[in-house]
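*Asks:* This is the structure I have questions about; it appears just below.
The values are calculated or read from the model by the stated rules, or taken from the named source; none is laboratory data. Since the model is a prediction, treat every value here as computed from it, not as a measurement. Here the Cβ positions follow ideal geometry from the backbone for every residue, glycine too, while neighbour counts run over all protein chains shown. Please note that ligands, DNA and RNA were not included when accessible areas were found on the heavy atoms of the full protein model with its side chains. Shrake-Rupley method; radii C 1.70, N 1.55, O 1.52, S 1.80 Å.
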Amino acid sequence: MRRNRRRPFLSVFIITVILAITVAIILWFKPNNKKSTMFPHLPFTTIGENDLSSSIDMTMFSNKVRSAATQNNTSFTTGLENLPRSLQGTEVDGEIIINENKQLIVTEGLRRLFDYFLSALGEEDDAVIYARVEHYIRNHTPEPAASQAIAIFDRYVAYLKAIPEIENRYGNLQLQATKSGELDLNVVAQQKQDVTKQRQQYFAKDTIKAFFGADDAYDDYSIEMIGINQNKQLSAAQKEAAKQDYISRMPDNATKAHIEQQTNLNELMSRTAQMKAEGATAEELYNMRRELVGAPAAQRLAQVDQENANFDQRFTQYETQKQRLLSQNPDQAQAQVQINQLEQQLFDETERQRLAGYTALQETKTQ
């Protein structure tokens with residue numbers, strides 16, 4: 001079973017944005033699930049010379065950790081033995097690509113492979129994870145690509161170890177800047193510049209582009225959108241036009257396609273809520289959705305509407321009978337038995353799991 005896993009180590013800039021803006025803006029600007037998605041349009045780049053010869057101090061994997069990792073070598077053959085609980089039942093995410101000369105080709109998928117194993121930090125010691133990754137790479141990759149991949153893994157972990165220092169340096173400034181309700185984009189730009197310098201200390205240009213190119217595209221998009229939203233000289237219509245203009249000028253790749261899809265989904269949700277509030281018919285909703293997301297998706301959404309309406313009808317019936325049982329039966333324990341029987345009659349197992357949350361939601365709406 002393939003399991004979509006969010007990459008556990010995001011760029012410092014995105015961590016800052018998450019702290020600074022509302023959940024709605026996060027969903028608009030930075031889709032949650034990007035981290036487990038391949039970007040096929042990113043260029044495949046051959047490993048750079050700087051990635052194989054550097055005097056960088058690998059701070060996370062010190063000699064002590066490497067020694068411990070060596071002692072763990074006998075525990076692994078493929079690197080997949082005795083996986084931690086969070087990785088059990090999942091398929092290894094990522095890829096190792098080599099050329100005809102068995103040289104490593106660095107891709108975004110290599111970073112996802114590292115993140116897959118590093119997501120178990122906390123469940124496994126650093127040394128165990130290092131040994132696991134090294135054995136996995138050597139079991140799946142010929143030389144010299146195997147050693148090249150391990151060298152980049154060293155640098156990647158050292159880079160992740162260094163990033164929190166930048167986060168701490170800017171954290172308080174960002175929190176202060178957002179007290180007024182707006183993000184200080186000058187601080188964000190400086191922080192992003194420091195992150196870029198940090199990457200340059202650890203990776204060649206080709207690796208930086210392969211590992212972080214998609215993240216940077218989302219970051220640039222996010223900064224631009226926030227800047228437009230904070231521009232008090234623009235009307236709502238002008239802001240929307242500026243956003244669309246920026247998206248139209250983005251390179252045609254998977255990042256742009258995902259942003260356009262998210263934009264359509266946001267408009268879809270907004271227009272659906274508005275039309276339902278105005279009493280739109282099912283046909284009117286279908287026509288609007290078909291224009292935005294196509295006929296197949298519009299048909300599926302219409303089916304969801306029907307299912308939700310059916311659930312709402314049964315929920316209303318359930319609440320009415322539940323209140324009658326509670327009021328008519330002085331024995332609350334016996335009343336609860338009858339209520340449980342009523343739940344089983346009206347809802348399947350999955351629906352019954354929704355009842356408590358759905359009840360709380362309805363009570364919130366009536367307050």
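*Asks:* Expressed as a whole percentage, what fraction of the accessible surface of the stretch 249-367 belongs to carbon and sulfur atoms when a 1.4 Å probe is rolled over the protein heavy atoms?
*Replies:* That share works out to 48 percent.
*Asks:* Probe of 1.4 angstrom, ligands and nucleic acids ignored: what's the accessible area per residue over the stretch 300-345, in square angstrom?
*Replies:* Here the per-residue accessible area is 70 Å².
*Asks:* Please give, to one decimal in nm, the separation of the simple spin-label points placed at Q238 and R314, each 7 Å out from Cα toward the Cβ.
*Replies:* Output for this residue pair reads 5.3 nm.
*Asks:* Something else about it: What's the whole-number percent of alpha carbon pairs in the stretch 259-320 lying beyond 19 angstrom? Working shown, then result.
*Replies:* Details: 675 of 1891 pairs.
Value for the stretch 259-320 (Cα pairs over 19 Å): 36 percent.
*Asks:* Restricting to DSSP loop positions (anything but H, G, I, E, B) with no more than 11 other Cβ atoms inside 10 Å of their own Cβ, which GluC sites (Glu not before Pro) remain in the stretch 226-312?
*Replies:* Answer in residue order: E278.
*Asks:* Could you compute how much accessible surface L83 exposes when probed at 1.4 Å, giving the result in Å² to the nearest 10?
*Replies:* 30
*Asks:* Quick check for you: with a 1.4 Å probe and neighbouring chains kept, what is the accessible area per residue of the stretch 199-268, in Å²?
*Replies:* 50
*Asks:* Can you give the accessible area of T316 in Å² (nearest 10), computed on protein heavy atoms with a 1.4 Å probe?
*Replies:* 80
*Asks:* Expressed as a whole percent, how much of the Cα-Cα distance distribution for the stretch 182-298 exceeds 16 Å?
*Replies:* 71
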